Structures are given as C-alpha cells and as structure tokens.
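Below is one structure, written out as structure tokens, with a few remarks after it.
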Amino acid sequence: MLMLIIIFSLAFLWLSIKKPLWGAYFIFACLPAYLIRFQINGLPLTLLETMILIFFLALILTRRLDRQKILHNKLLIPTIIILVLATISVFVSPNKIAALGIWKAYFLEPIIFFFCLISIVKDKKTLINIFYFLGISAIYLSLLAMAQKFFGFNYGISQAFLNHDGTVDRATAVFGYPNALGLYLGPIVILYVLLLWEKAKGHWALIFKIAVIVLSFLAIVLAQSEGAIFSIVAVCLLMALINKKLRLWALLILVAGVILFFAHQGFHDWLMSKLFIHDYSGGIRRLMWQETLNMLKYNWLWGAGLAGYQVTIIPYHVHKFFEIYLYPHNIILNFWSELGLLGLLSFAYLAVKNFFINIKSAIKNQEGKLISFAIMAILLQMIIHGLVDAPYFKNDLSVMFWLFMAATVIISTIKKEKTN
C-alpha cells in the first residue's frame, strides 16, 4: 500500500510540475481520496492532503506561486484571521493531537490550496474546467450510490443504513454515512444548474451538465439527505424567481405547493414536521443544540476548541438516549464550538465579504457574471443545509469551500485585468 502511494505521489509530482493545471484538475476529480489513509513515521496522512502538499511543492519548485496575487487578494484578511484563530483553537482543545489533525486537514491545507488556485488560474475557461472535473467526482459517486440502492452493492455500508434483509436503505457511496453524500453533492447540483446557462461548445458539454444534475440529485434522494434536498429546492426556486424567463414557472410551482399544503392534510403535517424539525431526527437536533448552548454559556469566547466538542459537551449531555456527535449539526454552533465566538464572526465576515465581491462582479463584469451568481447561490445552499448539518468540517468539503472562495477572487481579478 505504502509503495503504491509513493509511486502515485512521484507520478503526481511530475504531472504537477509539467502540467500544474492538470494537477489541480486531478485533485478536484479525486476529492474523496481523503478516505485513503496511511502513516509515515507515525504521521497520519490522507491521499487528498498528500496531493495538495505535493501540488504546493510543485508550484514552489517551478516558481508559479504568484506572491502579488496572494498578498493582494480581496479575501486575504479574513483568510489569515481564520487561520490564526484555528491555530489558537488547537491550544484551546482538550484533545490537541486530534486538533492538530483537524487544523492541518480542514484549515491549513485547504487555505494553501486556495493560494495555489488564485496563483495559477488566470481565466474563466480554466475555472470552468475545474468545475467540470468536480462534476466527474459527482458522476462516479452518484453511480456508486445507485449501484448500492438498485443492485444490492452493500459492501462497507454500516448496518444502520441497511434494511433487515441486507438491502440498502440509505445510499452512502464511498462515505461512512448518507448525509455526507448530500453535503458533497448539494453545492455541485447548484453549481451545475447555473452552468446550464453558460454557453458550451457542442452537445456533449450540455449532456454532461444535465447528467451531473440528474444523477447527483437522484443520489441525494437515495441517501435520503433531507437537508440537502430542501436546500437545493429552496435555492433553485429562488434562482427561478430572480430569472425573468423562469419566474412564471416558479410562481406556478409555489402556488401549487400552497394549494397542496392546505388541501392535503398528510402533506401539510409532513411539511410542518420538516420545516419546524418536529420529526425524530429534528427532535435530537433540538436537544443537541440546547446542550451545546448550555456548554457555550461557560465557553462562550473560545468554544470547545478544534476536535474538542465531544469531550467538552460531556457534562452538559443530559439526554443519554442519543450519542454525542462530532459536531452540533448547526452551522453557527459548529463554528462557535470549534473556533470560538471570534472564529464564528470571522467566517460570517468572510461570507458577507464574499457576497459583496460577487455582487459587485455580477454588476460590473459580464464575463464572470454567471459564476458570481453561482458562488452566491452555492453559499446560500450551504448555509441553508448548514442549519441542520455540518457543511464545512470534512476534508473534501473544506477544500470545496475554499475552491469557491478562490473562484470569487479569480473572477474579480479577471475583471480588474480586463478593465486595466
């Protein structure tokens, strides 16, 4: 295993030196590679972070890191603040070894990769190519989810997500739990819905985009990831209402939904239970949030520290019928617990600044208008889904998040260069 990884790493180093853009493409096609884990002299690593570090090394060796773009990018200040606060959270954590791993995989390496992307991606075409390779990962994950559900491929799936007869109840693809599939594919669905409006050469590009959307959404349904489904539908309806050509259809769908809500008692009760999280999983989340808020009353400034939630929450975990999860499954409480109040405010600042940059780019830059709208829609989907889940604290999700931050910087830079 280790020998294969060494051979792969050397080949990837060669590719990243000779064709750095293809190195970046390959990383986005293989984001789930973080599931391949190994150790070198006791240091735990994943294949994904190995590729990111090799890619960074290749750019240093070939002098392709653009210092000016890195130091003058519009998101530099919130990025540095977040990295500093994540570093402080390592020392706050009661589990510093695990905290170092989280710091490395969820903050340091994704931010390094963010700097790499804004250095080498110089035009919209390259950025869209990155999105295409991200779409490739969505395709094979979705196909695997369908193989699990329709062809009984249940290898590696936890018993909790299987039916009594061994068939798959909730698809997980390569992940350990179904919601991970929804968290990964949700932003990609929104991205590709917007990319449908991007003019593409040939019919194959259009077919590919439609395939990514349809297969990804089907996989999310098979995973029964309700947070992802609701967030995608909500954002798509909002985008349709904004679009003049689709506004009438969106209004008709909303009217039909309202009529069904009042006319069908079963649909009414189901929707109310989901919206106000009164079902079983929603009840657990509400209790979890209550416990987390009690914990944060006494740890309001620094939170629990990175990887510290499961230890710090123990004295406040009074409802013993459910386990202590890794995170409190709410985007606000997640960041507050892991990075403290200042970390939560820093991510809020980053999100607001990102929205303002994209709004400005959408108004003034026709070249990148569609991508700016896509990034804003993706962030909105992440926030909505994040009300009941953790859309950042995972190796692949954190890298994907910083891709969209890089896309914001790249689009605004393209505009500035064209103006000058």
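See the values below:
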{"quantity": "Interatomic Cα distance distribution for segment 1-70, bins of 10 angstrom, percent", "calculated": "20, 51, 25, 4"}
{"quantity": "Burial ordering of C116, C236, fewest other beta-carbon atoms within 10 Å first", "calculated": "C236, C116"}
{"quantity": "Ranked V399, V189, criterion: other C-beta atoms within 10 Å, fewest first", "calculated": "V399, V189"}
{"quantity": "Chain lengthening between F38 and I60 when straightened (0.36 nm per residue, less Cα-Cα)", "calculated": "5.4 nm"}
{"quantity": "Rg and Dmax of segment 304-420, Cα atoms only, in Å", "calculated": "17.5, 62"}
{"quantity": "Farthest positive-ward along the chain dipole, Cα basis, beta-carbon charges - from V84, S225, A160", "calculated": "V84"}
{"quantity": "Top of F276, F401, F55 by mean-square fluctuation, Gaussian network on the chain, Cα under 10 Å", "calculated": "F276"}
{"quantity": "Residue among D269, D66, D389 with the largest mean-square fluctuation in a Gaussian network model of the chain, springs linking Cα atoms under 10 Å", "calculated": "D269"}
{"quantity": "Whole-Å distance, taken between Cα centres, linking segment 73-114 and segment 162-193", "calculated": "28"}
{"quantity": "Distribution of pairwise C-alpha distances over the chain, 20 Å bins, in %", "calculated": "24, 60, 16, 0"}
{"quantity": "Cα centroid of segment 308-324 to Cα centroid of segment 248-287, whole Å", "calculated": "31"}
{"quantity": "Kyte-Doolittle mean at least 1.6, axial Cα span of 27 Å or more - DSSP H helices of the chain", "calculated": "203-223"}
{"quantity": "Separation of alpha-carbon centers, segment 30-62 and segment 371-414, rounded to whole Å", "calculated": "22"}
{"quantity": "Nearest-20 debye value, the chain charge dipole, Cβ charges on Lys, Arg, Asp, Glu", "calculated": "1660"}
{"quantity": "Segment 277-420, relative contact order in percent, only Cα pairs under 8 angstrom and at least six apart counted", "calculated": "22"}
{"quantity": "Per-residue ³J(HN,Hα) for segment 300-312, Karplus 6.51 cos²θ - 1.76 cosθ + 1.60, θ = phi - 60°, Hz, x for Gly and Pro", "calculated": "5, 7, 9, x, 9, x, 4, 6, x, 4, 5, 7, 5"}
{"quantity": "Mean Cβ neighbour count within 10 Å, used as a protection proxy, ranking 370-378, 22-30 highest first", "calculated": "370-378, 22-30"}
{"quantity": "Rg to Rh, two decimals, where segment 99-206 supplies the alpha carbon set and Rh follows Kirkwood", "calculated": "1.07"}
{"quantity": "Among I213, I77, I52, residue whose mean-square fluctuation peaks in a GNM of the chain (springs only between Cα atoms under 10 Å)", "calculated": "I77"}
{"quantity": "Value of relative contact order over segment 1-64, rounded to a whole percent, pairs C-alpha under 8 Å and six or more apart", "calculated": "37"}
{"quantity": "Lysine pair number, Cα distance threshold 16 Å (strictly under), segment 277-420, separation 8 or more or different chains", "calculated": "10"}
{"quantity": "Difference of contour (0.36 nm per residue) and Cα-Cα distance, M3 to L206", "calculated": "69.1 nm"}
{"quantity": "Square roots of 5 times each gyration tensor eigenvalue, C-alpha, segment 40-140, largest first, Å", "calculated": "26, 19, 14"}
{"quantity": "Over segment 218-322, relative contact order from alpha-carbon pairs under 8 Å, at least 6 apart, %", "calculated": "13"}
{"quantity": "Amide H contacts of L162 (H built 1.01 Å from N, under 5 Å, at least 5 apart or other chain)", "calculated": "D169"}
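All of the numbers you see were taken from the coordinates with simple rules; none came from a lab. Since this is a predicted model, take the numbers as computed values, not measurements. Cβ sites come from the backbone with ideal geometry, for glycine too, and all protein chains shown count toward neighbours.
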